[in-house]
Structure formats: structure tokens, C-alpha cells
Amino acid sequence: MIAVATDPMVPQPFRIHKTKPENADTFTFELAPVNGAKRSAFQPGQFNMLYVYGVGEVAISISGDPANPNTLVHTTRAVGTVTKRMKKLKGGAVLGVRGPFGTYWPLKEAEGNDILIVTGGIGLAPLRPALYYVLANRTQYGRVVLLYGARTPGDILYRRELESWRGKLDLEVHVTVDRATGTWRGNVGVVTSLINRAPFDPENTVALVCGPEVMMQFTMQELEKKGVPADHVFLSMERNMKCALGFCGHCQWGPKFVCRDGPVFRYDLVEDLLTRRGI
Amino acid sequence: MFVLRHARLDDLLDALKRRGFTLVGPVVRDGAIVYDVIASSSDLPIGYTHQQDAGSYHLIEAHDGAFFGYTVGPHSWKQYLNPPRTRLWKAKGSANGFEIVQENANVPRYAFIGVRACELNAIAILDRVFLQGSAVDFEYRRRREHAFILAVDCTRPGGTCFCASMNAGPQARSGFDLALTEVFDNGEHYFTVVCGSERGDEVLGELCLEEASEPERQAAKHSIEEAGRHMGRKMETAGLAELLASRVEHPHWEVVAKRCLTCGNCTLVCPTCFCSNVEDVTDLAGAFAERWRTWDSCFTLDYSYIHGGNVRKTAVSRYRQWLTHKLSSWHSQFEMSGCVGCGRCITWCPVGIDLTEEVRVLRDGATAVTIGTEKGVPDAKH
């Protein structure tokens with residue numbers, strides 16, 4: 001018999017317990033194992049492979065609270081065949097889950113430093129677990145700053161949570177949009193423009209960055225200008241993935257397999273890859 | 001070292017069949033030497049050889065009675081160890097979900113007949129990829145763990161062979177159960193036999209072979225040494241991994257890309273190229289779903305697709321990915337080269353692109369831009 005339970009290519013069934021639309025094309029699922037088994041813990045920054053029955057599988061970062069691993073939370077943007085179909089699923093439906101996979105944000109190692117989180121668009125999703133962790137262990141860190149850029153006010157993710165975080169006196173939250181629409185009176189411009197006004201001590205800061213590649217490239221330049229050491233900067237990459245185990249080859253980025261050497265990379269180790277096209 | 005008279009090759013094959021192995025070996029089909037199931041030594045390409053050069057392959061009747069007087073054709077053993085199409089699992093749909101259907105895995109017990117030294121090295125590379133990393137590939141393991149390997153040393157290297165450069169041949173050194181050297185000497189036709197495992201030992205014991213005489217040993221040794229001196233191609237490997245990492249921007253990539261059809265032939269015939277895709281299929285009613293794994297190639301545009309576009313849009317980036325992966329980043333990933341010098345990618349390239357030539361030109365280049373080096377600092381894994 002095939003040892004189905006241990007073959008890492010075989011998905012485990014998880015039931016959707018709660019669905020929540022975040023904006024026009026982005027939605028959040030809360031999932032729990034169908035067989036009631038305890039969920040293995042994950043680290044902030046890791047991802048799962050989510051399978052929609054009969055349609056296909058996609059790599060999606062985990063966006064829930066690491067202190068509560070029994071509820072698996074994924075925020076997904078409907079952009080392809082699988083995610084568009086996923087968006088139509090209702091509570092009670094079953095998804096296949098493989099994971100968690102990959103490297104994670106070095107939150108333990110970052111203790112004693114200021115934490116600067118720079119995100120764009122859906123890039124906030126893999127950083128939400130990091131923020132949950134940092135807030136739960138607030139005394140271990142210096143200043144904590146979240147900079148977030150969205151295309152339009154309507155694209156802002158986790159809006160209510162962002163507002164409640166901004167209400168905290170020991171957390172600095174700045175949000176900007178590329179295009180102001182409707183009644184928006186907040187910041188307009190790219191997220192990197194927020195870096196200059198953010199209060200942090202460059203030499204004692206750990207920066208966690210996730211967003212479109214071009215946004216990450218410009219963020220790296222800004223952080224360098226501010227004097228944040230490159231080995232204190234971490235970023236999360238996205239590549240085509242079929243297996244998440246280093247077997248399918250698709251996620252190669254130079255010598256790295258994004259699935260297992262990443263998705264979280266220390267910037268100084270991948271600097272020359274990030275700035276080059278077609279690698 | 002033992003000696004097996006040529007007329008007794010079937011005694012050896014029969015001993016393997018008695019142990020329940022399905023024999024797979026070289027056969028002549030469609031004008032080439034390929035691998036397929038064989039019943040006896042008479043299915044082997046006896047008296048055949050082939051002539052290979054960049055973009056060309058000719059099957060030739062040599063009428064010399066040799067069982068293994070050729071090198072390798074377009075097939076490699078990866079098609080048995082990591083088949084072009086494999087079903088990874090199947091599932092049954094239910095009202096609100098699905099469940100995985102448990103299946104009996106019926107994997108044939110293969111005995112691979114006539115595995116060349118380069119191919120032993122290729123199998124060792126696949127073992128490293130699929131069995132010795134942070135995860136194990138169950139499909140590969142199922143096929144690999146039972147496989148019996150009867151190796152054959154190469155005594156007549158082909159026009160595109162460069163295993164000697166890659167330190168991967170022509171002699172089988174490890175990774176086999178039994179290894180043969182086919183010898184023609186003073187009108188005698190025999191095999192010298194070396195044992196590489198307990199299983200091999202056991203099979204050999206059954207054949208009651210005599211020890212090879214000193215002249216027989218010498219004749220075998222001489223044939224292999226001669227082969228090593230007559231490789232059709234050569235590749236300088238000293239510092240190659242670092243060199244290619246420093247040639248990421250080099251005018252020669254454009255030159256190769258102008259010829260490259262990005263057809264992916266090289267990745268299909270390469271005995272170590274392991275990339276795969278997955279396909280999800282259902283029946284019309286959605287009662288069943290299956291997931292299939294298929295060979296994939298880094299030369300396709302889809303290979304690097306992510307939302308927002310393809311990472312490697314140009315032939316330059318795709319050829320560079322293939323060559324630098326094989327000869328450079330493979331070292332970072334698996335502590336070894338991904339190339340065994342079998343020459344298949346040269347022979348079966350429809351436009352005759354020859355990686356040994358491309359490497360030669362890239363070596364002479366002056367533009368040095370290094371990528372992917374880690375500057376001696378620890379890895380980003382935590």
C-alpha cells in the first residue's frame with residue numbers, strides 16, 4: 001500500500017470554516033483538518049500548497065496567528081485558474097493542504113532590534129503572522145513600524161486590523177496608495193516614500209520586506225541609503241511552484257530553490273539575483 | 001574479477017529473470033538504439049553501433065558480433081526511474097470535498113541491462129536529488145529501491161562522448177550490482193565480470209564462473225583505457241562552476257540563443273534533467289480526480305510563469321538557465337555537477353548546439369559579473 005499519510009506529494013483534506021472577502025479580488029479562508037488531527041505548527045513567513053479538487057494546486061503563504069496553529073488562515077488573491085475557482089468556495093468546502101514549507105522571518109534572531117516591515121499589496125499577508133508574533137512578544141523588540149502600500153484605497157488589505165494596530169501606542173503604522181480614489185485623504189505615492197518618515201535606528205533594525213519584485217528592489221535601495229545593513233534585511237520571493245519540495249525545478253532562482261531555500265531570503269545572500277532579469 | 005564466455009550471457013540474464021526481474025536493455029528501434037523490455041540477449045543490438053556528432057545520429061551495422069559495441073542513444077534510465085508520466089494520486093469527490101483513494105503500488109522490479117558508467121553517475125545524481133535531500137520522492141524511491149543494475153564498461157566511445165572529462169567514465173566504478181567489460185582478444189569473445197553488491201555476488205555465485213586470468217584482466221583494462229583516450233569531445237571542468245556564475249552577462253549567450261530553438265530536446269534526452277510539471281485531471285462528472293506528474297523543460301515559456309508574467313521570457317535566459325544549472329548552480333544545490341558527459345544533448349540538438357563548445361567560448365570571455373555567490377556568509381535558513 002502507498003503510505004499516503006507520509007507522502008509529501010499527497011494533500012491532506014482541510015475544511016473551510018470561515019470565509020471573508022478582503023477586497024474585490026482577495027479573500028481569506030480559515031481552515032481546519034477534516035480528520036480533526038492537530039495541525040503542525042508553522043513559522044511566520046512559511047507557505048502551504050493549497051489544492052482545489054479537480055482544478056489544481058497553488059502556493060499560498062500562511063497569514064494567521066502562529067500562536068493558534070490549529071486554525072489555518074490563508075489570504076489569497078484570485079488571479080489564476082485555481083485561485084479564481086477557490087474564491088467561489090463556501091464554508092464547509094474541502095481544500096487539500098500540503099505544508100508548511102520554506103524558510104521564515106527570523107523573529108527570534110531579531111529580538112532586541114527595531115522591526116521595520118515594508119509591504120506592498122498582497123505582500124502584507126505573509127507578514128501578518130510576523131506582526132502577530134511581534135505584538136505578542138512586544139517587550140522583546142524596540143520600535144515596530146509597519147509601512148504598507150496598496151494600489152487604491154479599495155485594495156487595502158486587513159483594513160480594520162490596520163486601523164486597530166494604528167491605534168496602538170507602541171506600533172507605528174503608515175499606509176499609502178498609488179492612486180487616491182473616493183474619499184481618501186491619506187498618503188499617496190509608493191511605499192518607499194514612507195521609509196524616510198519612519199522612526200527606526202538603521203543600525204539596529206531588522207527589516208522584513210514583501211511585495212512585487214520591483215517594489216522590493218526599490219525598498220532595498222532606500223534601506224541601503226538609510227544605512228540598514230544588508231544582512232539585517234529579509235525579503236520573501238515568489239516563483240512558479242509545482243511541488244514545494246525541490247523536485248520540480250520550477251522555482252529556481254539562480255542557485256536557490258525558492259520553495260526550500262526561501263521564500264524568505266536574507267538580502268545580502270541574494271542581492272545580485274534580485275537586481276537581474278531572467279534569472 | 002571473473003570471466004563469462006560470450007555464449008553464456010543468457011545464463012546471467014536468466015538468473016536475473018528467475019529472481020523476478022523484468023529485464024530492460026538496449027534494442028534497435030526506429031533507426032536508433034533505445035531502451036525497452038528484453039527477453040534474452042538476442043534482443044540486444046548485436047553487431048550494431050552508431051555514429052554520433054552534433055545534431056546527427058546514424059545507426060550502423062558493424063557485423064562484429066559485439067553485444068555492447070555502442071554507447072548511448074536518446075533514451076536514458078530516468079524514463080524507468082522517473083517516468084515521463086506518473087500518477088501521483090487519485091481522489092474520489094464527495095458532496096463537499098474529496099478523499100484520497102488508497103492504491104496498491106505495482107512497480108515492476110527492473111533489472112537494467114547495459115548501464116554505462118556515465119549513466120551510473122546520472123542515476124547517482126538522481127538519487128541525490130530525489131532521495132538524499134530534505135524530502136524523499138516516493139515515486140522515485142519505489143522504482144529505484146528494487147532496481148538491479150548490470151553495468152557495462154564502454155570500450156568504444158562515441159563522437160559526442162566526454163565522460164572522461166566529467167570523471168564519469170568510461171569505466172563503471174560504483175553504483176552497480178554487476179559490471180561487465182566486453183572483450184575481443186585473439187579471436188576470443190568474453191566478458192570480465194566485477195561484483196558491486198551482495199545481490200550481484202549471489203547471482204554470480206549461481207553461474208559458477210572461473211576467475212579471470214591475468215591476460216584476460218589486462219585485455220579488459222586495455223580496452224577501457226583505449227576508450228578513455230578516444231573521447232569524441234572534451235570539456236575543461238577546472239573552476240567551471242565559478243566561471244559560469246561569473247559569465248551571466250556575456251555576449252555569447254545571444255549567439256547561442258540565435259541558434260537555439262528552445263525545443264527542449266536536450267532536457268528530454270539528458271539523463272539528469274529532472275524538472276516536472278503537474279496536471280490535474282477529472283472525469284466529466286467530477287467524481288474522480290487525479291494528479292499526474294509529467295516531465296517538464298526549462299526551455300518552455302510556461303515553466304517560469306507567475307502571475308504578472310514569465311520570469312525567463314527570452315531564449316537567452318532559458319538557454320543560460322539550462323547550461324548554468326547543469327554545470328554551475330547544480331554544485332550549489334547538490335554538491336556535484338549535473339553533467340556526466342554522455343553527449344546526448346549534443347547529438348540530439350536539432351541545430352547541433354554543443355555545450356562543450358559553448359563552454360569553451362564562455363571561458364574565453366572577459367565580462368565578469370558574478371551571481372549567486374554567498375560571500376562566505378552562512379545561509380539564510382534559520
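Computed from the coordinates by the stated procedures, all read-outs in this text should not be read as laboratory data. Please read these numbers as outputs of a predicted model, since none were measured by experiment. Quick reminder, even Gly has a Cβ in these numbers, built from the backbone with ideal geometry, and neighbours come from all protein chains shown.
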Next on the checklist: Name the single residue that is farthest from residue B:168 (Cα to Cα) among those in the stretch B:180-237 being in a helix (DSSP H, G or I) and among the β-branched types (Val, Ile, Thr).
Outcome noted: B:203
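Counting only residues that are among the basic types (Lys, Arg) and touching a helix residue (DSSP H, G or I) at 6+ places or on another chain (Cβ under 7 Å), which one in the stretch B:312-326 is farthest from residue A:250 (Cα to Cα)?
Pass one, the stretch B:312-326, residues among the basic types (Lys, Arg): B:312-313, B:318, B:320, B:326.
Now restrict to residues that are touching a helix residue (DSSP H, G or I) at 6+ places or on another chain (Cβ under 7 Å): B:312, B:320.
Details: B:312: 11, B:320: 15 Å.
Checked the stretch B:312-326; the qualifying residue farthest from residue A:250 (Cα to Cα) is B:320.
Could you tell me which of the residues A:54, A:45, A:96, A:92 is within 14 Å of chain B (Cβ to nearest Cβ) and either assigned to a strand (DSSP E or B) or among the basic types (Lys, Arg) (or both)?
Details: A:54 fails: either assigned to a strand (DSSP E or B) or among the basic types (Lys, Arg) (or both); A:45 fails: either assigned to a strand (DSSP E or B) or among the basic types (Lys, Arg) (or both); A:92 fails: either assigned to a strand (DSSP E or B) or among the basic types (Lys, Arg) (or both).
Answer to the check: A:96.
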Checklist outcome for this item: Among B:97, B:93, the single one that is without any contact (Cβ under 8 Å) to a residue 12 or more places away in the chain and crowded, with 18+ Cβ neighbours inside 10 Å is B:97
Checklist entry - Across the stretch B:225-276, what is the total count of residues that are surrounded by fewer than 16 Cβ atoms within 10 Å (Cβ to Cβ) and either within 11 Å of another protein chain (Cβ to nearest Cβ) or among the aromatic types (Phe, Trp, Tyr) (or both)? => result 1
Next on the checklist: I'd like the residue in the stretch B:3-16 that is out of contact with any helix residue (DSSP H, G or I) (no Cβ under 8 Å at 6 or more places or on another chain) and touching a residue at least 40 places away in the same chain (Cβ under 8 Å) and, out of all such residues, is surrounded by the fewest Cβ atoms within 10 Å (Cβ to Cβ).
Outcome noted: B:5
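Of a type in the set (S, T, N, Q) and out of contact with any strand residue (DSSP E or B) (no Cβ under 8 Å at 6 or more places or on another chain), is that true of residue A:119? It would help to see each step written out before you state the result.
Working: of a type in the set (S, T, N, Q): yes; out of contact with any strand residue (DSSP E or B) (no Cβ under 8 Å at 6 or more places or on another chain): no.
So residue A:119 fails the test.
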Checklist entry - Are there any pairs with C-beta distances below 6 angstrom linking a residue in the stretch A:266-279 that is within 7 Å of chain B (Cβ to nearest Cβ) to a residue that is surrounded by 18 or more Cβ atoms within 10 Å (Cβ to Cβ) and of a type in the set (Phe, Trp, Tyr), with the two at least 6 apart or on different chains, and if so which? => result A:266/A:234; A:273/A:253
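Take the residues in the stretch A:68-89 that are in a loop (DSSP other than H, G, I, E, B) and within 9 Å of chain B (Cβ to nearest Cβ); name whichever of them is surrounded by the fewest Cβ atoms within 10 Å (Cβ to Cβ). Steps first, please.
Here is the first cut: in the stretch A:68-89, the ones in a loop (DSSP other than H, G, I, E, B) are A:68-71, A:78-80, A:88-89.
Filter again for within 9 Å of chain B (Cβ to nearest Cβ), leaving A:79-80.
Values: A:79: 16, A:80: 14.
Filtering first and then ranking leaves A:80.
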Checklist entry - Of all residues in the stretch A:197-241, which are at the interface with chain B (Cβ under 10 Å from one of its Cβ atoms), over 16 Å from residue A:272 (Cα atoms) and touching a residue at least 12 places away in the same chain (Cβ under 8 Å)? => result A:212, A:238, A:239, A:241
Checklist outcome for this item: Pairing a residue in the stretch B:320-345 that is of a type in the set (Phe, Trp, Tyr) with any residue that is assigned to a helix (DSSP H, G or I), where Cβ atoms lie under 6 Å and the two sit 6 or more apart in sequence or on different chains, gives B:334/B:128
Next on the checklist: Tell me yes or no: at least one residue of the stretch B:53-65 is out of contact with any Asp or Glu (no Cβ under 6 Å at 6 or more places or on another chain), surrounded by 21 or more Cβ atoms within 10 Å (Cβ to Cβ) and in contact (Cβ under 8 Å) with a residue 60 or more places away in the chain.
Outcome noted: no
